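See structure below.
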Amino acid sequence: REAALTVRLLEQFLRAGIEAAPALKTLNSALALRGETGGAFTTIDLLALRRSTGEATLYKYGAAPSYVNGSRGIRRIKCENFAPGLSGTAGAEPDIVRMRLKPGNTAIIASDGVVGDDDDAWLRDILTSCGDDMKQLARDTLKAAEQSSTYSDDMTVLAVRVEERA
């Protein structure tokens, strides 16, 4: 429920024309206040991609690492901030990573149920060997995570590939 509410509010902020960073900061403050009374929290991963230029901004709050496979290899993008709603995080800004994605670059954004801070060699192998089918990449990642997981948590995987505009 908390995640669905967070997505709904963030979507409303963005559709209203509020830039991502201030929208996330406001959302974080609201969730932190709500967390003080109910103890609830959720992580946030937001990728803003300008398809015409490949300029990308990744906003992260308490989220699992994300991965980008580019010409220089696989880049692991780790979050340093706590999840919104955890005590003491009101007003904290998200981790912001800016990059330029080029045609052929692939990114995986996944929940902490898929990948945590421990061994990620299996994910790097999947990302290295993936083809052009992002649905299959997401399915393969999810299947491997389900097989290797020793605990029960929700699992979400988003795979994105930048292609040259025709």
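Details
- For Thr141, the accessible surface of its heavy atoms amounts to roughly 0 Å² (probe 1.4 Å, protein chains only, rounded to the nearest 10).
- Residues Asp112, Asp119, ordered by accessible area of protein heavy atoms at a 1.4 angstrom probe radius and largest first, appear as Asp119, Asp112.
- Spin-label pair Leu14/Ile74, simplified geometry with 7 Å Cα→Cβ offset, distance in nm: 2.6
- Which of Ser148, Ser129 is most accessible, then next, and so on - probe 1.4 Å: Ser129, Ser148
- FRET efficiency for the pair Ala4 and Arg165, taken as 1/(1 + (r/R0)^6) with r the Cβ-Cβ distance and R0 = 45 Å, rounds to 0.85.
- If you plug the beta carbon distance of Leu49 and Ala121 into 1/(1 + (r/R0)^6) with R0 = 22 Å, you get a FRET efficiency near 0.25.
The values are calculated or read from the model by the stated rules, or taken from the named source; none is laboratory data. Small disclaimer: the values here were computed from a predicted structure and weren't measured. All Cβ positions, glycine included, derive from the backbone under ideal geometry; neighbour counts span all protein chains shown. Just so you know, the surface numbers come from the protein's heavy atoms only, side chains and all, with ligands and any DNA or RNA stripped out. Shrake-Rupley method; radii C 1.70, N 1.55, O 1.52, S 1.80 Å.
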